[in-house]
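Below is one structure; the comments refer to it alone.
The values are calculated or read from the model by the stated rules, or taken from the named source; none is laboratory data. Because the structure is a prediction, the values reported are computed rather than measured. FYI the Cβ positions are ideal-geometry reconstructions off the backbone, even for glycines, and counts take in every protein chain you see.
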Amino acid sequence: MRIFGWRRATSTSTVFATGTESQWDKQILAARAKRHKRVAAFLQSATEQAKEDFVRTVGDLNRSLVHHATVSERLLVFIDNNVLQDVLKHEEEPRRRARFHALLALLMVAEDHYLLDIFACVSPAIVYEAGYRGVRPADVAYSQVMEALADIGLRTHSVGFNRPAELRKIFRRIRHDERQIRRALDEIRATSWKRDFTDKDLLGIRIPFAVAEDECPNVRLRHFDPNYVKFLLMHIIEKQMFRENGDQKKARRLMEDPKEKAFSVIKPHGDGVEGLGDVELISCCDLSAQTVNRTPYITMALTVDGGLQNALKRLGSVRSRATLDAGTDDVEDGVLRMMYAMRDHSRRTAKANRRVAEYGTAYEEFLNTIRCHFTRDAT
């Protein structure tokens with residue numbers, strides 16, 4: 001999936017090679033300037049429980065933000081559908097207000113205190129889920145998403161498409177994939193996963209996750225990354241194996257407990273699948289893959305879903321790679337590469353630690369700006 005694509009124009013004319021502000025630019029910057037006032041107004045009238053929810057949510061989101069910001073101070077952010085719904089419905093549904101204002105506060109921290117460059121990514125699956133799994137016309141759902149992101153002061157980049165007119169065709173591919181994934185989920189649910197994990201050749205235990213990989217239903221997809229979809233299906237299979245093989249204690253020690261919610265992001269819903277947007281977030285926001293492949297951009301997900309947060313955390317290690325293939329690589333060059341990679345990793349780790357300390361100080365400064373709204377020190 002391509003990361004950079006079409007985005008709404010932000011200038012209408014050019015003066016000395018700089019664009020003048022469009023009305024869209026002005027709307028976004030005004031929303032950014034109003035964040036503090038909106039958060040303060042919420043905290044002034046919020047209940048103690050709502051304030052505690054607010055602080056907890058900001059803290060959870062900030063931990064993920066700081067982790068990614070140690071890698072890059074220019075971040076492309078994917079907004080999970082649950083967060084997007086908080087933006088769209090916070091005025092009608094009181095339970096969403098604390099999370100919505102926590103999001104505003106997090107963006108204040110990121111842009112006004114950490115001085116990060118933040119851009120919201122709009123992907124087809126995000127628009128698809130926002131439009132109730134494609135029920136609403138693509139252009140209507142797209143406009144709604146864009147207005148919601150502008151309302152919280154975020155500039156946007158499209159991901160996976162160039163122009164909104166393409167979304168209708170992409171939605172057809174997503175629906176195809178949804179049917180394929182649903183078929184696989186139904187097949188997994190209908191299958192008995194009682195297995196003998198004894199490896200008779202090696203006199204050991206077959207790794208359950210490898211068995212799940214071998215027996216995972218084949219899914220032919222047109223939009224989503226098949227590797228990540230298979231990975232998520234394998235986790236579902238492994239959890240079924242855990243439930244059905246209580247007598248095989250050695251094998252169960254190698255399995256993931258079904259109570260663990262990480263990677264439990266796709267599930268049947270009606271005649272379709274819930275969590276398609278989460279599939280896209282996991283595939284686009286795998287920090288381990290981004291760092292080991294040295295991508296020219298860093299993407300992160302903003303979500304309040306505990307299972308998705310855990311999944312992304314487990315895919316969130318910062319990695320580097322330098323290898324030496326005996327018999328094919330020049331030994332001297334290989335040693336130089338390895339030594340350079342070690343020094344580079346050490347320097348980057350030291351820089352990341354300095355950033356963490358700097359962000360910690362800035363976060364305290366932010367908390368001091370809102371502490372007056374708390375009767376006791378919830379922050």
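Considering only helices (runs of 4 or more DSSP H) fully contained in segment 14-79, which possess at least 1 residues that are touching a residue at least 12 places away in the same chain (Cβ under 8 Å) and touching a His at 6+ places or on another chain (Cβ under 7 Å)?
35-45, 48-69
Hey, can you tell me all the residues within segment 261-284 that are surrounded by fewer than 16 Cβ atoms within 10 Å (Cβ to Cβ) and touching a residue at least 12 places away in the same chain (Cβ under 8 Å)?
If the condition is that a residue be surrounded by fewer than 16 Cβ atoms within 10 Å (Cβ to Cβ) and touching a residue at least 12 places away in the same chain (Cβ under 8 Å), then 261, 267, 268, 271, 272 are the ones that fit.
Does segment 357-375 include one or more residues that are exposed (fewer than 13 other Cβ atoms within 10 Å of the Cβ), assigned by TED's automatic domain parsing to the domain that holds residue 286, assigned to a loop (DSSP other than H, G, I, E, B) and in contact (Cβ under 8 Å) with a residue 12 or more places away in the chain?
yes
Evaluate the following for residue 352: is it surrounded by 12 or more Cβ atoms within 10 Å (Cβ to Cβ) and touching a Phe, Trp or Tyr at 6+ places or on another chain (Cβ under 7 Å)?
Judged against the criteria, residue 352 is not a match.
Would it be correct to say that residue 160 is in contact with a His (Cβ under 9 Å, 6 or more places away or on another chain) and either surrounded by 19 or more Cβ atoms within 10 Å (Cβ to Cβ) or over 21 Å from residue 247 (Cα atoms) (or both)?
Yes; evaluated as a whole, the condition is true for this residue.
Just one of the numbered conditions (1) modelled with pLDDT of 90 or more; (2) assigned to a loop (DSSP other than H, G, I, E, B); (3) closer than 17 Å to residue 126 by Cβ is not true of residue 282; which one?
Every condition holds for residue 282 apart from (2).
Has segment 332-344 got at least one residue that is within 18 Å of residue 66 (Cα to Cα), assigned to a helix (DSSP H, G or I) and acidic (Asp, Glu)?
no
For segment 285-309, how many residues meet the condition of being crowded, with 16+ Cβ neighbours inside 10 Å, within 12 Å of the chain's Cα centre (by Cα) and either of a type in the set (Lys, Arg) or in a helix (DSSP H, G or I) (or both)?
The total comes to 4.
Taking segment 41-66, which residues are aliphatic (A, V, I, L, M) and buried (at least 16 other Cβ atoms within 10 Å of the Cβ)?
Passing the criteria: 43, 46, 50, 55, 58, 61, 65, 66.
Counting only residues that are under 30 Å from residue 166 (Cα atoms), without any contact (Cβ under 8 Å) to a residue 60 or more places away in the chain and acidic (Asp, Glu), how many does segment 211-228 have?
0
Residues that are in a helix (DSSP H, G or I) and either of a type in the set (Lys, Arg) or surrounded by 13 or more Cβ atoms within 10 Å (Cβ to Cβ) (or both): does segment 251-258 have at least one?
Within segment 251-258 (the criterion being in a helix (DSSP H, G or I) and either of a type in the set (Lys, Arg) or surrounded by 13 or more Cβ atoms within 10 Å (Cβ to Cβ) (or both)), the answer is yes, since at least one residue qualifies.
Taking segment 211-230 as the search range and keeping residues that are within 20 Å of the chain's Cα centre (by Cα) and closer than 21 Å to residue 190 by Cβ, which one is surrounded by the fewest Cβ atoms within 10 Å (Cβ to Cβ)?
Result: 230.
Six or more apart or on different chains, Cβ atoms under 8 Å: show the pairs whose first residue is in segment 291-312 and of a type in the set (Asp, Glu) and whose second is outside any loop (DSSP other than H, G, I, E, B) and modelled with pLDDT of 85 or more.
Sorted first by the residue in segment 291-312, then by its partner, the pairs are 305/82; 305/278.
Residues in segment 282-294: is at least one under 16 Å from residue 235 (Cα atoms), of a type in the set (A, V, I, L, M) and assigned by TED's automatic domain parsing to the domain that holds residue 77?
Yes, the conditions are met somewhere in segment 282-294.
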